[in-house]
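Structure first, commentary second.
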Amino acid sequence: MSRLIVLIVIVLGVLAIAQLVRLYELSSKLRDRREEDITNRDNKLNAGLLLAFMVFMFGGFIWLMLAYGWTGRGDAASVSGAQTDWLLNLNFWIIIIVFFLTNGLLFGFAFKYVRKPGVKAYYFPHDNRLELIWTVVPAIVLAIIIILGLKSWNEQTDEPGKEAIRVELFSKQFGWTVRMSGEDNTLGFFDYKLTNENNPLALMTAATIQNAIDSMENGMSGIKALERKLNDRTIMLIPEERDLMVTDLDRKERLIRLLYQMKVRHNSKLDVQAMDDVTFTEGDTLYLCKNQEYEFNFRAKDVIHSAYFPHFRAQMNTVPGQTTRFKFTPSVTTDEMRDKMNNQKFNYILMCNKICGTSHYKMKLMVVVLEPKDYEVWSLKTSYTDSKAHQKRLAKILKRTPTPKEREDWLKASKTFKNVYQVGKPVEAPAAAGTTDSIPADGAAMPIDSLPKA
Amino acid sequence: MAAHEAHAHHDAHGHHHHEEGFISKYVFSQDHKMIGKQFLMTAVFMGIVAMLLSIMFRIQLAWPGEGSDFLSFFLGDKWAPKGVLSESMYLGLVTIHGTIMVFFLLTGGLSGTFSNLLIPLQLGARDMASGFLNMISYWLFLLSSVIMLCSLFIETGPASSGWTVYPPLSALPQAIEGSGQGMTMWLASMSIFIASSLLGSLNYIVTIFNLRTKGMKMTRMPLTIWAFFVTAVLGVLSFPVLLSAALLLMMDRLAGTSFYLSDIIVGSEMLENHGGSPLLYQHLFWFLGHPEVYIVLLPALGLSSEIISTNSRKPIFGYRAMIGSILAIGFLSFIVWGHHMFITGMNPFIGSVFVFTTLLIAIPSAVKVFNYITTIWRGSNIYTPAMLFSIGLVSTFITGGVTGIILADSALDIAVHDTYFVVAHFHIVMGMSAVFGMFAGVYHWFPKMYGRMLNTRLGYAHFWITIVGAYGVFFPMHFVGLAGAPRRYYDYSVYNEFNTESFDMMLDLNVIITFFAILAALGQLLFLFNFFYSIFRGPKAIQNPWKSNTLEWTTPVEHIHGNWPGAIPEVHRWPYDYSKPGAEDDFIPQNVPLMEGEEEH
Ligand code: HEM
Ligand SMILES: [Cu+2]
Ligand SMILES: [Cu+2]
């Protein structure tokens, strides 16, 4: 029905325009006016409209600026972000001035110098001095922009300091996984061929290599199973299926050769680097500590993604087959930002910002920045209970806890952590890299529930 | 004289008799004027399609999840169940919209139309160097257009990995449906398109070098020709690189090579590819991709130089500086591609080199803008629709250009890369400027193409709606981007989870944007009506309606083979002798000899 109405309106519209054009042509003919002769009236009208448009454009710009703010994402929440904003503002002032000036001149002259009967245009083919001026002035302004920009760029892309905590952000369609580098602050090695359910981030230890070999050989659709199926005369296979299986088998045989090579070359002394890493469940909130520098290492499992932290003014693509890095230092906690924005529901976020498939727009990770004190608590909860770091953290917290009652709670809680974190740890591969559960989403196991949640 | 004409005719059509049939005149024509018109028609059609696609996804962005008759009408149940655009088709539409707009409308369409029409006419040549290759160029263009359009209708949907089709996403059908057959068609179409573009460009270059009439020194060529020339050179040097990028991608998809793929697990399938680099593709793509921006833009700037000079009745200010800046822009455009890759994992030091080269381009661009403004200053400006569109172009070139300074600054690009700020930037500086240039060209040279005049009043209405619509769409888009909104997002529901205020603000802006987009799209109906109506019923044109200096206006209104019935005119002066002191008229065509004691400019 509505479709019909739309159609009718369009047809009527076209007919109406056709009639108007006809009318216009007839009247032009009567007045002996040709299409290319622009009357002074039309000329003046359009010159006026150009000026009016300029006012509309400038007005619209100023309105948008006032109504929708300098930036809709709030103040920067990282140390380098604050600098980025400063530079962004400076650059904006420069380009806004240029914008008003040049558009103003353009529309202003267009309005002023509309054809007037009897006035001839001024023959002015060139002027070296003028041309020199508007080559040199932009060059100087640009030099300033380049120097300030590169200074900031170098700072942001420089090596992080020694104190920086290394964190891995692993991306896949359509989620993020966090791996903290653990006690030694070193991220263990990985190889994508080691990926399986027990080892989603493909960490490399002697055990995980063996594990991968086992499952490729003996697993459900492992090499042995495939061979058995292909050789079993009692199973009827349609040719396409058989071809697929043969291809799959070939591929797996090549891959397993590589795994054996890996096994031979592997230096198991380095396994500890991977084993103390704490891997969270996909989608678990990323907790950061205020004023602590972080070096993020990015990996991608399938296609390119991009880790975009709008509030920290940080962004880096994640590339399959390559590790990319970026650093920043959060400078405002989630709570502080909520107060600043006067919005108690506000959260930091990590969004995917490189098209990666149909659910690209849903690929996100919540981010929480804690005060150092709260971060300590969180770290305690997420470190292996038998590690030295765990003990150290516990001691530190006990020291600053005043009442014996609370101290007891802490100690009790600390014991329960172990259980919390052992759940889901693969039994078949005891030496596998530390897969741990995350902090329970509701924070139930926390002795104090003051941690902000995403 | 008659012998001469017969001879000219013979050249163009070696093999057959005088009366041309319908087929050889309108279909397999080798006449540059007809080929130009064929390019224009195809481009207008492709432009309409791409615009419709953009309206479809704009509806989704402004009213996410709400059913719309418009969408179910065009897309049916499969791609728009209950009138709500599906996620995968959203990406498909965005991809094909971008591809068509950049390549088919503004590369094939713009260069194809005006280089073909104007190069021989403004240089005083009887036709292109090779009419045959020129014809092939058009037919390849048409073929590639048809393939691209067909890819919209296949079962698995069109290519959906964005117009830049970055692998691995574009290489793996397991990762997104559109990377199956749709992507194969995209690659096939683009490869043919590139062949078409190369044939065209080589032809333009050879023609410009060899077929200039007597007296047409390089420094007497109109700026249009200079722009077409540099555009063609850019195309010849950069399109083959895109072709190689496409071929390698094709091999990764079909032959199991690993140029771009390494260590990938998609779904639960472990691929063997190892050692390839997705960054390699990006380098190859942007080695074309950035010059492409100027391939789109320079012809528009060339056309508007001519139009502004003619209608201000003044010489273009700083003719030599204009040539210099076209050459400088052309050269620099080859060494800035890395500004698209600041945060891809490329070495930061290389990034800083690209910051430097990119910001250098701002200088010749600024020179061009100031020269345009000075040309208008103290002119006797006549506001034909073509002149209005040219002024619109200068305005969008400024407005879009200044935001480029932010994006070229790698330290700042980190914060806005791949957000709507970028979308706003490139639409204004490349999309709108080039579209305005194209419209300006159509209004200005319509009499030359069809021998009739377009309706001026409808042209005015079209211009005003278009410029208000364009700024209405793309101004607010900057603020969506500054709020951090990533591009290629189906909706912004994710904002609800962390900042509902931003979410509301973006939705408000998106409604405004879509409103102006629909307004602008409706405005184009005025143009389409005017265009087709005037082709058949417009008032007959006179030979030189705009009192212009260049040689095309010395040819008869009726098209003939060989362009000039008699000898080719000889050129005695530059093309910008408007309002020259001491001259009687306010224009002196290029073929008028210098007067006694007159100095060349
Ligand atoms: C009616 C006017 C137009 C509207 C409303 C419009 C709107 C849009 C929007 C909303 C996007 C999606 C951005 C994203 O999600 O990344 C887009 C993408 C794009 N548009 Fe337009 N556009 C218009 C005209 C043009 C023109 C004239 C060009 C020519 C240069 C153009 C070139 C592109 C390109 C290259 C993309 C990127 C596609 C991609 O992300 O792969 N558009 N457009
Ligand atoms: Cu993603
Ligand atoms: Cu570029």
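The values are calculated or read from the model by the stated rules, or taken from the named source; none is laboratory data. Remember, predicted model here, so these are calculated numbers, not experimental data. Because the Cβ atoms are built from the backbone with ideal geometry, glycine has one as well, and the counts that use them run over all protein chains shown. SASA here: full protein model, heavy atoms, side chains in, ligands and nucleic acids out. Shrake-Rupley method; radii C 1.70, N 1.55, O 1.52, S 1.80 Å.
Could you tell me which of the residues B:52, B:71, B:140 is at pLDDT 90 or above and crowded, with 19+ Cβ neighbours inside 10 Å?
B:140 is the lone residue from the list that is at pLDDT 90 or above and crowded, with 19+ Cβ neighbours inside 10 Å.
Can you name the condition, by its number, that residue A:287 falls short on among (1) facing chain B (nearest Cβ under 10 Å); (2) of a type in the set (Ser, Thr, Tyr); (3) buried (at least 24 other Cβ atoms within 10 Å of the Cβ)?
Every listed condition holds for residue A:287 apart from (1).
Scanning for something within 16 Å of ligand 3 (Cβ to nearest atom), at pLDDT below 95 and of a type outside the set (Phe, Trp, Tyr), does the range B:365-378 turn up at least one residue? Break it down into steps so the answer makes sense when it comes.
Kept after step one, since they are within 16 Å of ligand 3 (Cβ to nearest atom), are these residues of the range B:365-378: B:365.
When the remaining residues are screened for being at pLDDT below 95, the result is B:365.
Next cut, of a type outside the set (Phe, Trp, Tyr) only: B:365.
Yes, the conditions are met somewhere in the range B:365-378.
Mind checking which residues of the range B:513-532 are within 8 Å of another protein chain (Cβ to nearest Cβ) and open to solvent by 40 Å² or more (accessible area, probe 1.4 Å)?
B:525
Based on this model, can you work out whether residue A:139 counts as facing another protein chain (nearest Cβ under 8 Å) and in contact (Cβ under 8 Å) with a residue 60 or more places away in the chain?
Spelling it out, it is not the case that residue A:139 is facing another protein chain (nearest Cβ under 8 Å) and in contact (Cβ under 8 Å) with a residue 60 or more places away in the chain.
With A:49, A:88, A:15, A:30 as the choices, which residue is in contact with a Leu (Cβ under 6 Å, 6 or more places away or on another chain) and either within 10 Å of chain B (Cβ to nearest Cβ) or open to solvent by 80 Å² or more (accessible area, probe 1.4 Å) (or both)? Reasoning before the result, please.
Working: A:49 fails: in contact with a Leu (Cβ under 6 Å, 6 or more places away or on another chain); A:15 fails: in contact with a Leu (Cβ under 6 Å, 6 or more places away or on another chain); A:30 fails: in contact with a Leu (Cβ under 6 Å, 6 or more places away or on another chain).
That would be A:88, the only listed residue that is in contact with a Leu (Cβ under 6 Å, 6 or more places away or on another chain) and either within 10 Å of chain B (Cβ to nearest Cβ) or open to solvent by 80 Å² or more (accessible area, probe 1.4 Å) (or both).
Is it the case, given these coordinates, that residue B:365 is away from ligand 1 (no atom under 16 Å from the Cβ), open to solvent by 10 Å² or more (accessible area, probe 1.4 Å) and within 21 Å of the chain's Cα centre (by Cα)?
Answer is yes for this residue.
Test each condition in (1) within 30 Å of residue A:305 (Cβ to Cβ); (2) away from ligand 3 (no atom under 16 Å from the Cβ); (3) not hydroxyl-bearing (Ser, Thr, Tyr) for residue B:140 and report the one that comes out false.
Unmet condition: (1).
When you go through B:338, B:324 one by one, which is the residue that is buried (at least 23 other Cβ atoms within 10 Å of the Cβ) and part of a helix (DSSP H, G or I)? Talk me through it step by step, then tell me what you get.
Working: B:324 fails: buried (at least 23 other Cβ atoms within 10 Å of the Cβ).
Every option except B:338 fails the conditions.
All but one of (1) modelled with pLDDT under 90; (2) under 30 Å from residue B:503 (Cα atoms) hold for residue A:84; which doesn't?
Among (1) modelled with pLDDT under 90; (2) under 30 Å from residue B:503 (Cα atoms), the lone unmet condition for residue A:84 is (1).
Can you spot a residue in the range A:70-80 that is more than 8 Å from chain B (Cβ to nearest Cβ), loosely packed, with under 15 Cβ neighbours inside 10 Å and part of a helix (DSSP H, G or I)?
no
Assess whether residue A:316 counts as being open to solvent by less than 10 Å² (accessible area, probe 1.4 Å) and either within 12 Å of the chain's Cα centre (by Cα) or more than 10 Å from chain B (Cβ to nearest Cβ) (or both).
no
Which of the residues belonging to the range A:374-385 are touching a residue at least 24 places away in the same chain (Cβ under 8 Å) and either in a loop (DSSP other than H, G, I, E, B) or open to solvent by 20 Å² or more (accessible area, probe 1.4 Å) (or both)?
A:374, A:375, A:382, A:383, A:384, A:385
Looking only at residues in the range B:485-512 that are at the interface with chain A (Cβ under 7 Å from one of its Cβ atoms) and among the β-branched types (Val, Ile, Thr), which one is nearest to residue B:415 (Cα to Cα)?
So the residue we want is B:494.
Can you tell me which residue among B:332, B:393 is open to solvent by 10 Å² or more (accessible area, probe 1.4 Å), more than 10 Å from every other protein chain (Cβ to nearest Cβ), assigned to a helix (DSSP H, G or I) and more than 16 Å from ligand 2 (Cβ to nearest atom)?
So the residue among B:332, B:393 that is open to solvent by 10 Å² or more (accessible area, probe 1.4 Å), more than 10 Å from every other protein chain (Cβ to nearest Cβ), assigned to a helix (DSSP H, G or I) and more than 16 Å from ligand 2 (Cβ to nearest atom) is B:332.
Name the one entry in B:41, B:51, B:46 that is free of Cβ contacts under 8 Å to residues at least 12 places away in the same chain, under 30 Å from residue B:423 (Cα atoms) and not β-branched (Val, Ile, Thr).
Among B:41, B:51, B:46, only B:41 is free of Cβ contacts under 8 Å to residues at least 12 places away in the same chain, under 30 Å from residue B:423 (Cα atoms) and not β-branched (Val, Ile, Thr).
Residues in the range B:341-351: is at least one open to solvent by 20 Å² or more (accessible area, probe 1.4 Å), more than 10 Å from every other protein chain (Cβ to nearest Cβ) and within 18 Å of residue A:300 (Cβ to Cβ)?
Checking the range B:341-351: not a single residue is open to solvent by 20 Å² or more (accessible area, probe 1.4 Å), more than 10 Å from every other protein chain (Cβ to nearest Cβ) and within 18 Å of residue A:300 (Cβ to Cβ).
Does residue B:146 qualify as being without any contact (Cβ under 8 Å) to a residue 12 or more places away in the chain and assigned to a helix (DSSP H, G or I)?
Here the answer is yes, as residue B:146 does meet what is asked.
Being touching a residue at least 24 places away in the same chain (Cβ under 8 Å), at the interface with chain A (Cβ under 9 Å from one of its Cβ atoms) and not hydroxyl-bearing (Ser, Thr, Tyr) is the filter here, so list the residues in the range B:405-422 that pass it. Give the derivation first.
Start the filter on the range B:405-422 by keeping residues that are touching a residue at least 24 places away in the same chain (Cβ under 8 Å), which leaves B:405, B:407-410, B:413-414, B:416-422.
Among the residues that remain, those that are also at the interface with chain A (Cβ under 9 Å from one of its Cβ atoms) are: B:405, B:408-410, B:413-414, B:416-419.
Across the range B:405-422, the qualifying residues are B:405, B:408, B:409, B:413, B:414, B:416, B:417, B:418.
Starting from residues that are within 23 Å of residue B:321 (Cα to Cα) and more than 7 Å from chain B (Cβ to nearest Cβ), keep the ones in the range A:108-129 and report whichever is surrounded by the fewest Cβ atoms within 10 Å (Cβ to Cβ). Steps first, please.
So the first thing to find is which residues in the range A:108-129 are within 23 Å of residue B:321 (Cα to Cα), and the list is A:109-110, A:121-129.
Keeping just the survivors that are more than 7 Å from chain B (Cβ to nearest Cβ) gives A:127-129.
Numbers: A:127: 12, A:128: 9, A:129: 6.
The qualifying residue surrounded by the fewest Cβ atoms within 10 Å (Cβ to Cβ) is A:129.
The rows are residues; the columns are (1) away from every other protein chain (no Cβ under 12 Å); (2) away from ligand 1 (no atom under 16 Å from the Cβ).
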residue: B:263; (1), (2): no, yes
residue: B:282; (1), (2): no, no
residue: B:289; (1), (2): yes, no
residue: B:297; (1), (2): yes, no
residue: B:306; (1), (2): yes, yes
residue: B:309; (1), (2): no, yes
residue: B:324; (1), (2): no, yes
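So which residues in the range B:483-498 are hydrophobic (A, V, I, L, M, F, W, C) and away from ligand 2 (no atom under 16 Å from the Cβ)?
Hits for the range B:483-498 are B:483, B:498.
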